[in-house]
């Protein structure tokens with residue numbers, strides 16, 4: 001009897017040791033798997049152009065834009081998100097994703113000449129593996145489109161339950177012919193091993209010929225860093241500024257738009273004061289991007305809401321709101337209007353921002 005009692009601690013320690021060994025082997029296996037499957041894009045990649053666009057573009061024309069972070073079809077008014085202080089991971093089933101996409105398409109079918117989408121999924125567990133890009137391409141007739149991946153992970157192991165597979169990026173749709181589309185890698189602020197399961201932010205650059213001239217309309221679709229300590233936003237903004245300078249030196253018309261995850265310093269954000277404990281947007285100091293660039297956001301309507309809790313049925317006054325979606329436009333374009341369409345965040349945690357410009 002005494003020998004049995006003495007062996008219980010030993011058996012417990014042995015079992016605990018085996019369990020620990022299994023956990024360590026699984027963790028090591030996961031790291032090896034993520035290392036082997038890590039998305040490693042080149043610095044510059046030529047992109048496929050799909051579809052057919054019939055409009056022509058000439059100096060003097062007025063063109064319309066829409067930029068919209070669609071929250072991968074799963075961040076509607078029912079959603080909160082763990083990275084923003086909520087608890088949600090998988091925030092929508094297939095029916096809700098499709099309902100959100102219907103709302104997004106209803107705006108896109110108003111037919112702006114150019115559409116910048118951010119957070120559009122192709123095959124991700126978080127959006128029920130619905131190919132949102134293909135659906136957009138099928139339903140938006142008369143556009144050419146290009147897609148640049150910025151988030152591709154075979155299995156994202158956090159939180160609990162895990163996010164799983166992610167295949168997502170940014171897409172540009174244009175009613176004018178595109179002669180060239182390119183993915184340009186932006187600086188990645190994360191080091192190994194966090195880098196393996198994180199976004200690889202990029203710029204999607206599209207070139208549209210302008211009839212009767214040697215100029216191009218250069219479109220730059222962006223979704224800059226969100227959850228870094230600040231250095232990533234600064235480095236990526238500097239890289240975008242270099243793109244702007246290069247195209248301006250060539251005499252091209254330039255429109256850079258998207259989700260900057262930052263406010264332009266020229267905007268008045270007093271209507272949306274920062275709340276303690278909420279995600280805080282960065283700031284782009286517009287004086288550090290010299291030239292006749294025009295920095296455009298609509299101060300009257302927030303372009304994004306916090307995801308610390310669901311929006312539907314909540315006290316709207318207590319939410320954190322942001323101005324982080326907008327445009328940077330070259331001085332050879334005359335801005336006619338920039339406004340955010342208030343859709344009450346029903347189908348995304350962002351509102352679409354519309355722009356109308358004329359080619360001087």
Residue count, the stretch 336-345, condition under 25 Å from the mean Cα position of the chain (by Cα) and surrounded by fewer than 14 Cβ atoms within 10 Å (Cβ to Cβ), comes to 3
Scanning the stretch 178-197 residue by residue, those crowded, with 16+ Cβ neighbours inside 10 Å and either outside the structural domain of residue 256 (by TED's automatic domain parsing) or touching a strand residue (DSSP E or B) at 6+ places or on another chain (Cβ under 8 Å) (or both) turn out to be 178, 181, 182, 183, 184, 185, 186, 196, 197
* Asked: Any chance the stretch 136-144 includes a residue that's farther than 19 Å from residue 206 by Cα and in contact (Cβ under 8 Å) with a residue 60 or more places away in the chain?
  -> no
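Per-residue answers, yes or no, for (1) over 16 Å from residue 340 (Cβ atoms); (2) in contact with a helix residue (DSSP H, G or I) (Cβ under 7 Å, 6 or more places away or on another chain):
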residue	(1), (2)
269	no, no
275	yes, no
295	no, yes
312	yes, no
(message) Going by what's in this entry, would residue 256 be described as in the same structural domain as residue 65 (by TED's automatic domain parsing), free of Cβ contacts under 8 Å to residues at least 60 places away in the same chain, within 16 Å of the chain's Cα centre (by Cα) and farther than 20 Å from residue 83 by Cβ?
(response) no
Scanning the stretch 343-360 residue by residue, the ones that are at positive phi and touching a strand residue (DSSP E or B) at 6+ places or on another chain (Cβ under 9 Å) total 1
Consider residue 64 carefully, then state whether it is surrounded by 14 or more Cβ atoms within 10 Å (Cβ to Cβ) and at negative phi. yes
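The values are calculated or read from the model by the stated rules, or taken from the named source; none is laboratory data. Given the structure is predicted, the values throughout are model-derived calculations rather than measurements. Don't worry about glycine lacking a Cβ; one is built from the backbone with ideal geometry, like all the others, and counts go over all protein chains shown.
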